[in-house]
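Here is the structure we will look at.
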Amino acid sequence: MSLTTKVFSRGLSTSAVRMAAIKNVTVIGGGLMGAGIAQVAAQTGHSVTIVDQTKDILQQSRASIEKSISRVSKKKFKDDANAGMDFVKKTIGRIKMNTNAEESVKEADLVIEAIIENLDVKRELFGRLDKAAKSSTIFASNTSSLPITDIAAAVERRDRFGGLHFFNPVPVMKLVEVIRTEETSDDTYNSLMAFSEALGKTPVTCKDTPGFIVNRLLVPYLVESVRLIERGDASPRDVDIAMKLGAGYPMGPFELLDYVGLDTTKFIMDGWHEKFPDNPLFNTSEKLTKLVEEGKLGVKSGEGFYSYKK
Ligand code: 3HC
């Protein structure tokens, strides 16, 4: 289906049809999310540049993409090893690496930021990129908990700014949340929706509200699971079994907490609690705080609610 047909099939305005398809994508941040976003964009034919602070980090991003792309290729081309190798080669060939953010956005149609969850750092970055990028370039943030409006306040192009929120593992999870602020233009919104579809994802739309859709429901659920074991009602393992077999979730809450990172979940909850202290859904848990203080962050540190030490 062409971009135009897709746009019409969603019943969007004719002005949307004039928008140019996104071809060149710059992803700022080569961590797990940034590398995943870059990989999926390259897999679907986009030219991608990943930016991070050092060559070493970029080398790690490349290694993580190579590992993931070979899993995707094995699944996609299980009966045709040559086609699989070609797919891997072409995908990797579409990805460039750069440590200079300003230089990397010059040709970009879309810049996706996936760096540390710190408002000041994001704003400083976008302020710089605003001066370096073409006026037509769309900016998007993959923030999971900060208001897009507050990040976009750092740039002139607020009509060309939105949220594109991906889920971990990006090559597997089919959803993208497309966030529009009061100032996001129809053209920008339509481009972000069309781009998400071009990645083979299913986009949903959400206003710029805390946690958007998924995290607004998921994070309180995860922390309530911790409170449940704090009360001594059940063990983490039994809670995980219950939610997998009784609710059909692919992972139980403690497996997911370990997978996402206990620090990430705590960070999101603390930020909301600070902003909305009267909402009991945003209260954190002592156990979560204690584990984070002990450096038990989940899979990435070797221990969280479960141990991953070999
Ligand atoms: N890259 C490519 N492929 C991958 C992959 C990766 N990083 N991780 C898993 N896969 C593929 C595997 O190759 C496998 O393919 P196959 O079906 O051909 O065998 C398939 O996905 C399933 O993987 P596994 O067999 O290794 O393991 P599972 O069946 O347990 O699935 C999972 C793993 C996809 C992670 C699944 O457990 C799951 O969906 N978990 C829930 C994840 C979730 O909720 N994510 C959202 C987190 S919240 C978030 O991201 C928001 C943020 O803002 C905090």
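Before moving on, here are some points about what is shown:
- Per-q log10 I(q)/I(0), the stretch 93-135, q = 0.13, 0.15, 0.27, 0.34 Å⁻¹ (Debye; single scatterer per alpha-carbon; no solvent): -0.29, -0.39, -1.09, -1.32
- Estimated translational D of the stretch 171-264 in µm²/s (Stokes, Kirkwood radius over Cα pairs; 25 °C; 0.890 mPa s): 160
- For the chain, the longest principal axis of the C-alpha atoms and the axis of helix 119-132 are separated by about 10°.
- For the chain, the C-alpha radius of gyration divided by 2.2 N^0.38 Å, with N the number of residues, is 1.03.
- Quick note on the stretch 89-213: its Rg to Rh ratio, both from C-alpha atoms and Rh being the Kirkwood radius, is 0.94.
- Of all DSSP beta bridges in the chain, antiparallel share, percent nearest 5: 15
- The chain: angle of helix 32-43 to the longest principal axis, Cα-based, in degrees nearest 10: 40
- The equivalent ellipsoid of the stretch 20-128 has semi-axes of 27, 15, 11 Å, largest first, where each one is the square root of 5 times an eigenvalue of the Cα gyration tensor.
- Over the chain: helical MRE at 222 nm, DSSP H runs n ≥ 4 each giving -39500 (n - 2.57), nearest 500: -14500 deg cm²/dmol
- Amide H contacts of V27: T49, I50, V51, I112, each under 5 Å away and 5 or more positions distant or on a separate chain (H built 1.01 Å from N in the peptide plane; Pro and chain starts excluded).
- Debye-sum result for the stretch 197-310 in log10 I(q)/I(0), which assumes one identical scatterer on each alpha carbon, at q = 0.14, 0.16 Å⁻¹: -0.62, -0.79
- Under the convention that each Lys and Arg Cβ holds +1 and each Asp and Glu Cβ holds -1, the size of the dipole of the chain around its Cα centre is about 1200 debye.
- The value of relative contact order for the chain, using C-alpha pairs under 8 Å at least six residues apart, is 13 percent.
- Between the stretch 127-153 and the stretch 172-217, the alpha-carbon centres lie 14 Å apart.
- Relative to the dominant Cα principal axis of the chain, helix 55-76 is inclined by about 90°.
- Over every Cα atom in the stretch 224-272, the radius of gyration and the widest Cα-Cα span, Dmax, amount to 11.3, 32 Å.
- Euclidean distance between Cα centres, the stretch 36-56 to the stretch 236-307, Å: 29
- Note on the chain: dipole from Cβ charges, positive end direction compared against Q43, L228, A81; the farthest Cα belongs to A81.
- Volume in Å³ per residue [convex hull over Cα atoms, computed for the stretch 195-248]: 104
- Counting only DSSP beta bridges with both residues in the stretch 33-182, the antiparallel share comes to about 20 percent.
- Cα pair distances in the stretch 165-204, grouped into 5 Å bins until the bin that holds the longest one, percent each: 6, 27, 30, 20, 12, 5, 1
Just so you know, all these numbers are worked out from the coordinates, no wet-lab data involved. Note that the structure is predicted; figures quoted are calculated from it, not measured. Heads up, the Cβs are rebuilt from the backbone with ideal geometry, glycines too, and the neighbour counts pull from every protein chain shown.
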